[in-house]
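Report on the following structure.
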Amino acid sequence: YSNHHLVQRAIKQGLNADPNPYNKEEHLSFYKVSFTVDVDILGKDEWIVENVSPYDNHHRRLELTIVPGLQKVLEEVDKTNPNEYKYRGGEATIKVENAGNKKKITFELSEPQKKQRVREILEAIKNGLCAQSSGEANPIIPLFIIASAVKVPSPIFHPYIDISFDNDNGKYRVIGINDCLRNGWLDNKDKVFMEVSDRLSVPDKDKLSILTDWEEFLREVGVR
């Protein structure tokens, strides 16, 4: 934080500037974070708008009046039914319905697009995230992952998973996995995925009937 280059730039402009060094303490911690992707609402959105202009067949456009004086023009639209449209060659559908004296517009991604986005979300979580702190992007990389398709959009694994220090091998160990596997909200306990780094241990890991191949897990949950 002694940015001498910035100080020199300030001095050349006639300003009084000095470096301001200070110590920054860093720490190493474990974070427990859960994510739930609700595929029933992912890629689906509803707008209530004032009006929808007649479809422009020549320019393949649909114009929405959000509020008086504010319009949203949708390009690359093809009409498929009286009140339904295809967007960007089938990437999404647009449905127009009456909502009192206004219009309800429902946007919904195609199934391939939904699967692609779910897969991208899962890949991003697995490969690591960034946390902004002191102006820096600090990495948060998963050292342990457990994932599954579930029947309800709720982070059911979160209360079970914890870590404790194992004096026998000098590592932190993950506990609560068997509790996770007994939960009735699992869609299929044979489709649970787990990944563990060398820095952690899982008791009786080899006895657990859990997927360890990421690509196989993505296929099993239907997004690959």
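Of the strands (runs of 3 or more DSSP E) lying entirely inside the range 1-92, those carrying at least 1 residues that are in contact with a strand residue (DSSP E or B) (Cβ under 7 Å, 6 or more places away or on another chain), within 30 Å of Pro155 (Cα to Cα) and open to solvent by less than 90 Å² (accessible area, probe 1.4 Å) are 44-49. Close contacts from the range 5-34, counting a first residue that is under 26 Å from Ala131 (Cα atoms) and a second that is among the β-branched types (Val, Ile, Thr) and modelled with pLDDT of 80 or more, with Cβ to Cβ under 7 Å and a gap of 6+ residues or different chains, come to Phe30/Ile163; Tyr31/Ile140; Lys32/Ile161. Considering the range 119-178, and only residues there that are within 12 Å of Val202 (Cα to Cα) and among the aromatic types (Phe, Trp, Tyr), the residue that is surrounded by the most Cβ atoms within 10 Å (Cβ to Cβ) turns out to be Phe144.
Any idea how many residues of the range 102-140 are aromatic (Phe, Trp, Tyr) and in contact with a Ser or Thr (Cβ under 6 Å, 6 or more places away or on another chain)?
Step one: filter the range 102-140 for residues aromatic (Phe, Trp, Tyr), giving 107.
Those still in the list that are in contact with a Ser or Thr (Cβ under 6 Å, 6 or more places away or on another chain) too: none.
Number satisfying all stated conditions: 0.
For the range 195-218, filtered to residues that are of a type in the set (Lys, Arg) and farther than 21 Å from Gly128 by Cα, the residue that is most open to solvent (accessible area, probe 1.4 Å) is Lys207.
Would you call Phe107 farther than 30 Å from Pro54 by Cα, surrounded by 10 or more Cβ atoms within 10 Å (Cβ to Cβ) and within 22 Å of the chain's Cα centre (by Cα)? So Phe107 fails the test. Of all the residues in the range 54-72, those that are modelled with pLDDT under 95 and polar (S, T, N, Q) number 1.
The values are calculated or read from the model by the stated rules, or taken from the named source; none is laboratory data. Remember, predicted model here, so these are calculated numbers, not experimental data. Glycine also receives a Cβ, built like all others from the backbone with ideal geometry; neighbour counts cover every protein chain displayed. All accessible areas refer to the heavy atoms of the entire protein, side chains included, with ligands and DNA or RNA removed. Shrake-Rupley method; radii C 1.70, N 1.55, O 1.52, S 1.80 Å.
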